[in-house]
Amino acid sequence: MSTPHDKLFPVYVWEAPVRIWHWVMALAFVVLGVTGYLIGSPPGSVGGEASDHFLFGYIRFTHFAAAYVFAILFAMRIVWAFIGNRFAREIFVVPLAALNGKWWHGLFDALHYYATFRGKGPVAQGHNPLAQAATFVFYVLGTAFMILSGFAMYGEAQGMESLTFKLFTSWMMPLFGYSQNMHTFHHLCMWYLITFVLVHLYMVVREDSFSKETIISSMISGWRTSRE
Ligand code: HEM
Ligand code: HEM
């Protein structure tokens, strides 16, 4: 007997560029989180000749190298939203999706399900509306802020003549008043993103265990299949 699932699955959801972006970006995020935390709470100073070690310099260098990877990947991911399949757009088009009443129904149905665990869980080929909205609000907006604020601080050290200063610092810094505020908001936004990642990990493991579709393997093979 055919079920509603048979019409929806199997489906090729995550194309290779999205999968590569996801895993490299996740790794860059971990490096940024660890080095960023150490920049905010530095280790004690090391004894001996200053020229024999460069500990804090290496921590900052690693942060900036991972930051470039993270920012370039985000830019490439935005470009892929235009050329990739329809699932590649989902996490960016939330303001447009929110104009549709059916989308809100889907969002409240999913919220109701996760609050009560009554009824059937949301079924979507890509993201359900709740996952789509959470990814936009936390990941897309949080990442954009991290990149803008990060380069605004970076431009300060590079000097007023630098392109980084002109592109980011010149307008971001006045918005936040002064450098320490920018540090504080950059730091706070790290915890905002860490909150997203913790819930994200819980949800992918949970859905992989209890939903009727493949989840974690989909971000490896690209295919979502039904397990009904
Ligand atoms: C998710 C990504 C990122 C995380 C979690 C993160 C985390 C952090 C944290 C926690 C700090 C310390 C703030 C403080 O307490 O003073 C920091 C500093 C900094 N971050 Fe990031 N960051 C990220 C992305 C970026 C990006 C994309 C750039 C762009 C270049 C960047 C550039 C900087 C700079 C310039 C500093 C200040 C370094 C210093 O004052 O020595 N960060 N970051
Ligand atoms: C080991 C850690 C991680 C695992 C196992 C994991 C797993 C997954 C899986 C399975 C999906 C697809 C969900 C689905 O098919 O419905 C996904 C999507 C996603 N993940 Fe992760 N993830 C991890 C780390 C991260 C991190 C650190 C970030 C961000 C900082 C992140 C951001 C995202 C985003 C934005 C999507 C949506 C993809 C899109 O629509 O383009 N993930 N993740």
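What to note about this one:
- Across the stretch 53-59, computed HN-Hα scalar couplings (Karplus, 6.51 cos²θ - 1.76 cosθ + 1.60, θ = phi - 60°) run 9, 8, 3, 5, x, 5, 4 Hz from first to last residue, x flagging Gly and Pro.
- In this structure the amide hydrogen of residue 162, modeled in the peptide plane, comes within under 5 Å of no amide hydrogen from residues 5 or more places off or on another chain.
- Amide H contacts of residue 213 (H built 1.01 Å from N, in plane; Pro and chain starts excluded): 227 sit under 5 Å, all sequence-distant by 5 or more or on other chains.
- Residues 35, 225, ranked from the fewest to the most other C-beta atoms within 10 Å, line up as 225, 35.
- Listing 14, 223 from fewest to most neighbouring C-beta atoms within 10 Å gives 223, 14.
- The stretch 1-76 and the stretch 186-219 have Cα centres separated by 15 Å.
- Helical runs (DSSP H, four residues minimum) scored at -39500 (n - 2.57) apiece and divided by the length of the chain put the mean residue ellipticity at 222 nm at -21000 deg cm²/dmol.
- Computed from point charges on the beta carbon alone (+1 for Lys and Arg, -1 for Asp and Glu), the dipole magnitude for the stretch 8-227 about its Cα centre is near 860 Debye.
- Per-residue 3J(HN,Hα) values for the stretch 151-158, derived from phi via the Karplus relation 6.51 cos²θ - 1.76 cosθ + 1.60 with θ = phi - 60°, read 6, 5, 6, 5, x, 4, 6, 6 Hz in sequence order (x marks Gly and Pro).
- Ranking of 68, 178 by count of other Cβ atoms within 10 Å, fewest first: 178, 68
- Each residue of the stretch 9-23 was assigned a 3J(HN,Hα) from its phi angle through the Karplus curve 6.51 cos²θ - 1.76 cosθ + 1.60 (θ = phi - 60°); the sequence is 10, x, 9, 8, 9, 9, 5, 3, x, 5, 5, 5, 3, 4, 6 Hz, with glycine and proline shown as x.
- Across the stretch 87-201, the mean sequence separation of Cα contacts (distance under 8 Å, 6 or more residues apart), normalised by length, yields a relative contact order of 22 percent.
- Relative contact order (%) - the stretch 8-227, alpha-carbon pairs under 8 angstrom, separation at least six: 26
- Estimated D of the chain in µm² per second, where Rh is the Kirkwood radius over Cα pairs and Stokes-Einstein applies at 10 °C, 1.306 mPa s: 80
Read-outs: derived from the displayed coordinates by stated rules, not from any lab. Worth saying up front: this structure is predicted, and the values here are computed from it rather than measured. All Cβ positions, glycine included, derive from the backbone under ideal geometry; neighbour counts span all protein chains shown.
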